[in-house]
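Report on one structure; see the data block that follows.
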Amino acid sequence: MPPSEGVIEGFSSFMQICSLLTGYRQSVGVKYSKNGKSILKTTLKECQNLASIPEPFEADRNFAYMRTEFLLKLFELYHPEEGSSQGIAFVEDLYRQIRAPYFPDALLLESLLPHLEMLPEGHFNTYGFLNPAFGITHILEDLEEGQWYAAEHIMSHLVSMDLPGTPCLTSFLKGELLSAGEGRLSDITQRGKIRVTMRNYLQLVQVPFVKMVLFLLNTMGLIDIYYAPIENEYHLKNKTYLTGFDGIAGCRLTSLGLKVFGRSDAYEEEVTDDESYFILHEHMLLVTLKGEDPVRRIFLEKVGKKTGNIFYVIDVKSFTKDCASSYELESRVDSFFRLFAGEELPVNWQAFFDEILEKNKVLELEYQAHIPLLVDETVKQLIREDGKIGEYVKIAEGNRVFVSLNKYGAVRTFLKKHGYILPDFLESM
C-alpha cells in the first residue's frame with residue numbers, strides 16, 4: 001500500500017541532532033514559560049536552526065516546531081549526558097527505554113498525549129503497569145522490509161495479539177480533554193470539556209497514542225511515515241485537529257530501524273569530520289572561533305558581542321545579560337568552563353570570572369517587608385556615589401542597606417551594570 005504523497009522520511013541525521021541538542025541543553029539551557037509547561041518559542045527556534053531539524057509542517061504556525069519540541073521534551077525525560085548522545089549505541093539505548101515491558105516514565109505519557117488533562121505528578125503510580133509502547137514496537141519489529149503498513153493494521157494487531165496498547169488507565173486521567181472541541185453533546189462536561197469515556201476512549205486516547213509513538217520513532221529515524229487527509233469527530237476548541245499527528249496513516253521500516261531492531265547489520269553510520277577550534281586571547285577578553293561549531297557559537301552569541309565573522313568580545317554586561325540570579329550566573333560560568341577552559345584558563349579570563357563570582361557572593365536578599373540587602377563596602381560606595389540610587393537606598397550599620405520596595409527594580413538594574421546580580425522575582429510586587 002505505497003502512499004502517493006505526504007511521505008516524511010525518518011531522518012538519518014538523528015545522532016548528530018542529539019549531540020547538538022544535548023550541547024545546547026547543557027551549555028545554553030532550555031527556557032520554559034512562567035508556568036513551566038511549554039518551551040519558549042525563542043528556544044525552539046534557536047534549537048531548530050542550530051541542529052537543522054527538518055520540521056514537516058514549518059509553514060503552519062501551530063506545528064512549526066513540533067519535532068524540535070518533541071525532541072527537547074524527550075531529552076528532559078531521559079537526560080542524555082554530553083558525549084553519550086552520539087552514535088547508534090545511543091539510539092539503541094533510547095529505544096530500549098521507550099519499549100521497556102513496564103512503564104519507563106509517567107511523564108512520557110504526558111508528552112505523548114498533550115491533548116489530555118492528566119492527574120498531577122505524584123498522584124499516580126506507574127509501577128508495575130505494562131508499557132503500551134511495548135506492544136506497538138513489538139509489532140513494528142516484525143514488519144516486512146520495504147513494505148508500507150497502515151496505522152489501522154498496527155492497531156488491529158494490538159487487539160488480535162492481546163498486546164499492551166492502551167496508553168493509560170483511568171487512574172492516570174482526570175478524564176477530560178484540555179480544551180474540548182466539537183463532539184457528542186453527551187460527552188461535554190459542565191466546564192465545556194469533553195469527558196473521556198469507554199465509548200470515545202479509542203478516538204481520544206488509543207489512536208492518538210499509537211500515532212504519537214509512530215511520530216516518535218520517525219523522529220528517531222527508525223521508520224518512515226506518511227500523512228493522509230483525515231476528519232476527526234473530536235478536535236480541540238477553535239481548532240480543526242485533535243493533535244498534530246492526526247493524519248499519520250502508515251509507516252515502513254528504515255535501514256536504521258532494521259539495525260536497531262536487530263534485523264540487519266547493513267546500516268552505515270554517517271561520519272562528520274568538520275574541524276573547528278577556538279582561541280581565548282591572553283591580553284583581552286576576546287574569543288576567536290573558527291570552523292563549524294554551532295553549540296559554542298550560539299553560546300558566545302548569548303554572552304558576548306560579535307565583531308566580524310569569528311571574533312566575540314566579552315565583558316561584565318554582556319556575560320551577565322539575562323541572568324536573573326547568582327545561580328544562573330554560576331551555571332553560565334560553568335558552561336563557559338566546560339566549552340572553552342580545557343586544562344587551564346588564561347590568567348586574564350580566570351581573573352574575570354573570579355571577580356564576577358566574588359561580587360555576587362556579597363549580596364544576599366533577606367525575605368522581609370523592607371527588603372534589606374547584605375552588601376560589602378564596595379557596593380555601599382557605589383550607592384553613595386550615585387545620587388539618584390542613593391535616594392532609593394538607606395545605608396545602615398554593618399553590611400546592611402534598605403531598598404525602597406517600589407524602587408527595587410531600579411536598584412537591581414544599577415547594580416547589574418557593575419556586575420552584581422540580584423533575583424528579579426520582587427519586581428512584580
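Observations, loosely collected:
- Ascending count of other beta-carbon atoms within 10 Å, so fewest first, for Arg199, Arg297, Arg99, Arg67: Arg199, Arg297, Arg99, Arg67
- Alpha-carbon centroid distance for the pair the range 216-250 / the range 378-417, whole angstrom: 56
- Integer Hz, Karplus 6.51/-1.76/1.60 couplings in order for the range 388-394, x for Gly and Pro: 5, 5, x, 6, 8, 10, 9
- Taking His281, His235 and counting other C-beta atoms within 10 Å, the order from fewest to most: His281, His235
- Taking the centroid of alpha carbons for each part, the range 340-360 and the range 41-77 are 34 Å apart.
- Extension gain (nm, one decimal) between Asp386 and Ser264, 0.36 nm per residue minus Cα-Cα: 36.7 nm
- Built amide H within the under 5 Å cut-off of Ser264, gap 5+: Lys259
- Members of Lys380/Lys417; Lys73/Lys317; Lys359/Lys416 lying beyond 20 Å, as alpha-carbon distances in this model show: Lys73/Lys317
- This ranking places Lys45, Lys211, Lys380, Lys359 by how few other beta-carbon atoms lie within 10 Å of each, fewest first, which gives Lys45, Lys380, Lys359, Lys211.
Rule-based calculations on the coordinates, nothing more; no lab input. Not measured: the values here are computed from a predicted model. Glycine also receives a Cβ, built like all others from the backbone with ideal geometry; neighbour counts cover every protein chain displayed.
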